[in-house]
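Every read-out reported here was derived from the displayed coordinates using simple, explicitly stated rules and does not represent laboratory data. Only a predicted model underlies this, so the values are computations on that prediction, with no experimental measurement involved. Please note: Cβ atoms are built from the backbone with ideal geometry, for glycine as well, and neighbour counts cover all protein chains shown.
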There are 2 protein chains.
Amino acid sequence: MRAQRPNSREKILAAAADVARESGPGSLSLDAVASRAGVSKGGLLYNFPTKAKLMQGLVEGYLRDFEQALETASSNDNDKNPLAVYIRLSADDCEEKRPSASWIFSAIAEDPDFMTPIKTFRRQLFERLKGETSDLKSLLVCYLAIEGLRSMNLFDSDVLSKDERELLVASLLEIAGSSDAEQASATQS
Amino acid sequence: MRAQRPNSREKILAAAADVARESGPGSLSLDAVASRAGVSKGGLLYNFPTKAKLMQGLVEGYLRDFEQALETASSNDNDKNPLAVYIRLSADDCEEKRPSASWIFSAIAEDPDFMTPIKTFRRQLFERLKGETSDLKSLLVCYLAIEGLRSMNLFDSDVLSKDERELLVASLLEIAGSSDAEQASATQS
DNA sequence: TTGACAAGACCGTCCAGACGGTACAGTAAA
DNA sequence: TTTACTGTACCGTCTGGACGGTCTTGTCAA
């Protein structure tokens, strides 16, 4: 069956992400991942019969983690509107120093089709937010700004200072919140 | 006669961008670029002695074009505030279907350091906008949203419909414009 | 006008190395 | 015995790059 001793699988996936981050996305070779994971190349190929499967594993793990984080955030932050929850979650995500998903570049280089699951996931997420947000304009602005934050994090771009990031998030929450307030009670100058 | 003028340089650069876009960033090999440009590999290596130089050429051309576009846009759109000009320019950029700068992925895979010129350029641009915009919050939101738009364009992600894109741009211009109005009414120079 | 010649622009071929992947024998625990 | 690997050897392919040769153009003296 599946996951009996999935220790290696996770280790390999984490190692792949580490290699991509530290040695650059172009250096993500099977040998590098294997040695980084403390696993022989044979063992790697046993868990992931092909490099494409490795990439697929990375994508699936990424999506799974994202979905789970969204779910728990929705539960914990229940009192807020979904857009605000998403903003806060994404901002926290991007707060972490390491560009967690730079393996994406490797995946794209390998085969651009690896992006399609991520793209459809994003689209579904956006559609869901669209259904849960009253003001389309606020949603668009906030969603795109968060996308920009993600982009900068992915490219390891440090254009914004910490203060500016916080101010941005506050502004976005204000925008997201104002739409909520409009919906609840149209009382704001 | 064959075009022996530095014509070849531009042709090669364009060919490289085409190959990266059409065959995927991972297939950006010297042979592919050479054949696409209608140039032998030797000829390519003559113009760009190494693959790194090719990438550098792509980056420099990208930055040069961007700067020039910004300049002409500033001249033509003189009556508007700089942030609005930037928003409009970027939106137009992202509107074009064909030329994603997907060669960036190849460059990153080759060596992440190729991003540093682009990163410093972005930072300078942001600093300049910061100096020219009265309301930091508006700037942050608009700049990041545009960054998000760029990101989606780069990843060839079609989450937004055309109407939504237009609505987004209108909203951003509104946000940018309101800061301008504040500046105009509150402080006169 | 012509011929010689140097420099620039480009071609075609070859090569060492890295990579993904295969095959297979061995091993230690459950 | 099966599962989950390890370790090594190996193959075919692709890639960046080096190299020497070739064609074109500009220059200048005679």
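Values for this structure:
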item: Anchor A:Lys162: lysines whose Cα lies under 22 Å away (excluding residues fewer than 8 positions away in-chain); result: A:Lys97, B:Lys119, B:Lys130, B:Lys137
item: Inter-probe distance in nm under a simple model that places probes 7 Å from Cα toward Cβ, at B:Arg64 and A:Leu136; result: 4.2 nm
item: Nm distances between copies for B:Asp65, ranked from closest, using label points 7 Å along Cα→Cβ; result: 3.4
item: Cα gyration tensor shape of the protein assembly as shown, rounded if a/c is under 1.5, else prolate or oblate by comparing a/b with b/c; result: oblate
item: Only Lys, Arg (+1) and Asp, Glu (-1) charged, at Cβ; the protein assembly as shown dipole about Cα centre in debye; result: 1760 debye
item: Nearest 10 degrees, 0 to 90: helix A:7-23 Cα axis against chain A principal axis; result: 80 degrees
item: Residues of type lysines that A:Lys41 reaches as a straight line, Cα spacing below 25 Å, ignoring anything fewer than 8 places off in the same chain; result: A:Lys11, A:Lys51, A:Lys53
item: Chain B: angle of helix B:51-76 to the longest principal axis, Cα-based, in degrees nearest 10; result: 30 degrees
item: Net charge of Cβ neighbours under 14 Å - reference A:Leu13; Lys, Arg +1; Asp, Glu -1; result: +3
item: Gyration tensor over alpha-carbon atoms, segment A:1-49, equivalent ellipsoid semi-axes in Å; result: 20, 11, 8
item: Lys, Arg +1 and Asp, Glu -1 on Cβ, resulting dipole of segment B:43-179 about Cα centre, debye, nearest 20; result: 340 debye
item: Against the rule of thumb 2.2 N^0.38 Å, how large the Cα Rg of chain A comes out; result: 1.19
item: 0 to 90° range, to nearest 10: angle between helix A:115-132 axis and chain A longest Cα axis; result: 20 degrees
item: Kirkwood Rh, Cα atoms: Rg over Rh of segment A:26-91; result: 1.23
